[in-house]
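Engineer: One structure is given below, represented as structure tokens, and several questions about it will come after.
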Amino acid sequence: MATTKDYGLGEFQFARGWFMIAGASEATTTPKAVRFFGQEMVLYRGQTGTPHLVEAYCPHMGAHLAHNTTSYIVQDGDQVVGDSIRCPFHGWRYDGSGRCDNIPYSSFIPKTATLKTFPVQERAGIVWMWHDPEGLEPDYPLPEFGGHHGAPGWVDWKIDFMGDLDIHGIEILDNMADFGHFIPIHGAKDFQYFANDFQGHVLHQYYSAGHRTLTASDEDQLVLDTWYTGPSILQAEMAGAFDSFIMIAHTPIDDGRVRAWHALMVKVHDGSRAISDEDRAGALGYQEGSRLAFAQDVEIWQNKRACINPLAVPNDGPYGKVRLWYRQFYNPRAMAEGIHKRVNGLVVTYDQRPGSKAA
């Protein structure tokens, strides 16, 4: 299992950015144990409806806030009150900011009785966490996911859990430059265009090709604009048999191990009528096709060795630029502008569009 240090990415073990931690339905008033960024955490939803993410262990005597079923605090349903969470061991209670606001048997509350909290937002049916080794506020916003979630004519995604993978996120990002894998892995054919555009904290991949399963006919092109916003959130607008919007996310569990998810929203009509069961079934079938395509990548990642230095040829695509772009999230943000100056711009790997100079 290769680590951030092995790849020489920078000063920080884990990247700065927005990361998925759970589907919204997983955040309930029953605290849930999760592990990300090498830390044990607890996710819960306050009675106000707000999700919270806190460190897992009570500072009083170290009890885990989620791994308990026998405490009467848990059995009586008293563990989450308002936006506060109560320790099942002695009943110390911590509010949404992590400050202890009640000890059942003491009027004295130590000032150091606080839980570490992590900033989270809920959007598009997913709970997202901001992680920054420097402890600073977000320097770019959480995406809006095309504005399609809940939009008329669109079937919202379900979350596909793709597994916990013994791979570093850098090798997942390599896919953005990887022109050569699309035919053997994903069934692309009749390629017309493949390019990358580096734009600060955003990295685009532009793609136009036929496809064995995701186009309506052999003559049709599957046209995608795929982009990373930060180091972990992939989005894609895809025009094929249906217009659709893809989300793929991966979040470090430990250094060199990630959790991955996939989801797809599908436009089934123009929004002039309600979504029918038939619409929903068609959209879920299309999502399954997309999930299976991503699962082809996942199978490779689950069984490959670490690639510290790719043995690349020019038509592979700009692996080197992608990896340099990725480094901005593993170093102090003051270094990001210098990296942008080195990578920003369009890199065209393949262009056979009618009328292009290369065709």
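The values are calculated or read from the model by the stated rules, or taken from the named source; none is laboratory data. Since the model is a prediction, treat every value here as computed from it, not as a measurement. Cβ coordinates were reconstructed from backbone atoms using ideal geometry, including for glycine residues, and neighbour counts include every protein chain displayed. For accessibility, only protein heavy atoms count, side chains too; no ligands or nucleic acids. Shrake-Rupley method; radii C 1.70, N 1.55, O 1.52, S 1.80 Å.
Engineer: Kindly establish whether residue 140 is hydroxyl-bearing (Ser, Thr, Tyr) and under 25 Å from residue 260 (Cβ atoms).
Structural biologist: Yes; evaluated as a whole, the condition is true for this residue.
Engineer: Just wondering, is there one or more residues in region 324-333 that are exposed (fewer than 13 other Cβ atoms within 10 Å of the Cβ) and either hydroxyl-bearing (Ser, Thr, Tyr) or modelled with pLDDT of 95 or more (or both)?
Structural biologist: Scanning region 324-333, I find no residue that is exposed (fewer than 13 other Cβ atoms within 10 Å of the Cβ) and either hydroxyl-bearing (Ser, Thr, Tyr) or modelled with pLDDT of 95 or more (or both), so the answer is no.
Engineer: Taking the options 56, 27, 66, name whichever one is within 16 Å of residue 120 (Cβ to Cβ), free of Cβ contacts under 8 Å to residues at least 24 places away in the same chain and surrounded by 17 or more Cβ atoms within 10 Å (Cβ to Cβ).
Structural biologist: Testing whether each residue is within 16 Å of residue 120 (Cβ to Cβ), free of Cβ contacts under 8 Å to residues at least 24 places away in the same chain and surrounded by 17 or more Cβ atoms within 10 Å (Cβ to Cβ) leaves just 56.
Engineer: State whether the residues of region 278-296 include one that is among the small types (Gly, Ala, Ser), free of Cβ contacts under 8 Å to residues at least 24 places away in the same chain and surrounded by fewer than 16 Cβ atoms within 10 Å (Cβ to Cβ).
Structural biologist: So far as region 278-296 goes, yes, one or more of its residues are among the small types (Gly, Ala, Ser), free of Cβ contacts under 8 Å to residues at least 24 places away in the same chain and surrounded by fewer than 16 Cβ atoms within 10 Å (Cβ to Cβ).
Engineer: Taking residue 92 as the residue in question, decide whether it is over 18 Å from residue 28 (Cβ atoms), surrounded by 15 or more Cβ atoms within 10 Å (Cβ to Cβ) and touching a strand residue (DSSP E or B) at 6+ places or on another chain (Cβ under 9 Å).
Structural biologist: Yes, satisfied.
Engineer: Are any residues in region 139-184 among the hydrophobic types (A, V, I, L, M, F, W, C) and open to solvent by 40 Å² or more (accessible area, probe 1.4 Å), and if so, which ones?
Structural biologist: Within region 139-184, 159, 161, 183 qualify.
Engineer: Count, please, the residues in region 166-212 that happen to be among the charged types (D, E, K, R), in contact (Cβ under 8 Å) with a residue 60 or more places away in the chain and part of a strand (DSSP E or B).
Structural biologist: 1
Engineer: For region 198-230, name all the residues that are buried (at least 18 other Cβ atoms within 10 Å of the Cβ), modelled with pLDDT under 85 and of a type in the set (Gly, Ala, Ser).
Structural biologist: Selection gives 210 alone.
Engineer: Here are the criteria: (1) open to solvent by less than 20 Å² (accessible area, probe 1.4 Å); (2) in contact with an Asp or Glu (Cβ under 7 Å, 6 or more places away or on another chain); (3) without any contact (Cβ under 8 Å) to a residue 40 or more places away in the chain; (4) not hydroxyl-bearing (Ser, Thr, Tyr). Tell me which single one residue 32 does not satisfy.
Structural biologist: (1)
Engineer: List pairs: first residue in region 330-359 and polar (S, T, N, Q), second residue at pLDDT 85 or above anywhere in the structure, Cβ distance under 6 angstrom, at least six positions apart or on different chains.
Structural biologist: 331/10; 331/11; 344/198; 349/179; 349/194; 349/317; 352/192
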